1. What's the FRET efficiency of A:Asn90 with A:Glu191 using the Cβ-Cβ distance as r and R₀ = 30 Å, to the nearest 0.05?
2. To the nearest 0.05, how large is the calculated FRET efficiency for A:Asp76 and B:Asn78 if R₀ is 35 Å and r is the Cβ-Cβ distance?
3. Can you say what percent of the DSSP beta bridges in segment A:5-198, counting only those with both residues inside, are antiparallel? Round to 5.
4. Where a Cα-Cα gap under 20 Å defines reach, which aspartates and glutamates qualify for B:Lys143, not counting those fewer than 8 residues away within the same chain?
5. What is the distance, in nm, between label points placed 7 Å from the Cα along the Cα-to-Cβ direction at B:Lys143 and at A:Ala133?
6. Cross-link list B:Lys155/B:Lys201; B:Lys47/B:Lys155; A:Lys62/B:Lys155; A:Lys62/B:Lys47: which exceed 22 angstrom alpha carbon to alpha carbon?
7. Round to the nearest 0.05 the FRET efficiency obtained for B:Thr26 and B:Ala156 when R0 = 41 Å and r is the Cβ-Cβ distance.
8. Residue of A with Cβ nearest the axis relating A to B, plus distance in whole Å?
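FYI, it's all coordinate maths here, none of it is from the lab. Given the structure is predicted, the values throughout are model-derived calculations rather than measurements. A quick note on method: Cβ atoms are made from the backbone with ideal geometry, for glycine too, and the neighbour counts reach across all protein chains shown.
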Number of protein chains: 2
Amino acid sequence: MANPTLEFWFDFASTYSYLSAVRIRTLARTANVTLRFRPFLLGPIFKTLGWDTSPFSIYQAKGRHMWRDLERLTADLNLPFRRPEAFPQNGLLGARVALVGLPLGWGEDYSVALFRAEFETGDPIDAPATSAAILAGLNVDPKTALDAAQSDDTKAALRSQTEAARRFGLFGAPSFRTAGGELFWGNDRLEQALDWARRGK
Amino acid sequence: MANPTLEFWFDFASTYSYLSAVRIRTLARTANVTLRFRPFLLGPIFKTLGWDTSPFSIYQAKGRHMWRDLERLTADLNLPFRRPEAFPQNGLLGARVALVGLPLGWGEDYSVALFRAEFETGDPIDAPATSAAILAGLNVDPKTALDAAQSDDTKAALRSQTEAARRFGLFGAPSFRTAGGELFWGNDRLEQALDWARRGK
């Protein structure tokens, strides 16, 4: 019988998506769950909710708590963490590159590396050079991948992803969705989502 | 040396505050942490954020996830849970009664019982009869307590609580605050907050 699957929905701008991205593959292996990385854009979904940027920027007390929470959580996880100078960053290019790479086998490595570049090193993720360096490190030709990322097909594919996210009731990232349609929101629910997936729910 | 302390900030309308209220006293005893229950009102704080009701009512996808999340979490915790017909309920009377009872020694029992009445039985928490029944069960004279709850002193005390919450940067409930001023938001952070308090942070 095939392994159960879990969809991992993320936006590269999202701080808590970073915490899940760097942990999810090891946890999924242990649970014998096959992952499906699903990058999407929160921006269009936030716009429907009346927000033109991250709620962490709109609601200052919520933002202050989020940064302190990230410091505490990354310390507990022994993860490097550096608050980027600009927040939120624009995850558009990253999401497109990830969509190109997922069927080719390097999309997950690229995604995790881009999150690390953003929240460990402080690199600008909308700069093509940031992605190019990661791709080169994965033995992927940067020009081919970046050109494919900007193709009309990829642009349309990302729009469909985001529409699927909306259809599935997503309102934040990270989110996790089982084959049975159970939706879990937030890095705090990663373990629970894997457990539901593992039990075939 | 006195035990370290942790402030437990809650609003009776808050679903996730229920999950913390029914768990926190046992967990705090184990951690040798002394609790300070601090009821407050989210309404005035939400108003500043531009919300005239619960964000779970304003943002429908977020609300749908919250109710499903509560079902899953209460099932895991073997806690009874019944979605109230009206949401959010008005926690004003409950917060005032709790403020009367906390210095008298019955405030914590009353608070936990009111949360249970709301989310286990489905009772209306703004009805004086709901509080009266709980108080009678605690051998507290309901009329004396309810009169004290509606006194000008108690009304002013609740306003100060809510202003203190705002000053401390609270933006949701439950929240936890250590003697060192560390702020933790959400039932998901209860264990971490107790751990910080236990370590004297």
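1. Working: r = 30 Å, r/R0 = 1.00.
Taking R0 as 30 Å, the efficiency between A:Asn90 and A:Glu191 is 0.50.
2. 0.85
3. Working: 7 of 13 bridges.
Within segment A:5-198, antiparallel bridges account for around 55 percent of the total.
4. Straight-distance partners of B:Lys143: B:Glu108, B:Asp109, B:Asp123, B:Asp126, B:Asp152, B:Asp153.
5. Reported label-point gap for B:Lys143 and A:Ala133 is 7.7 nm.
6. B:Lys155/B:Lys201; A:Lys62/B:Lys155
7. Result of the calculation: an efficiency of 0.80.
8. Here the nearest residue and distance are A:Asp188, 2.
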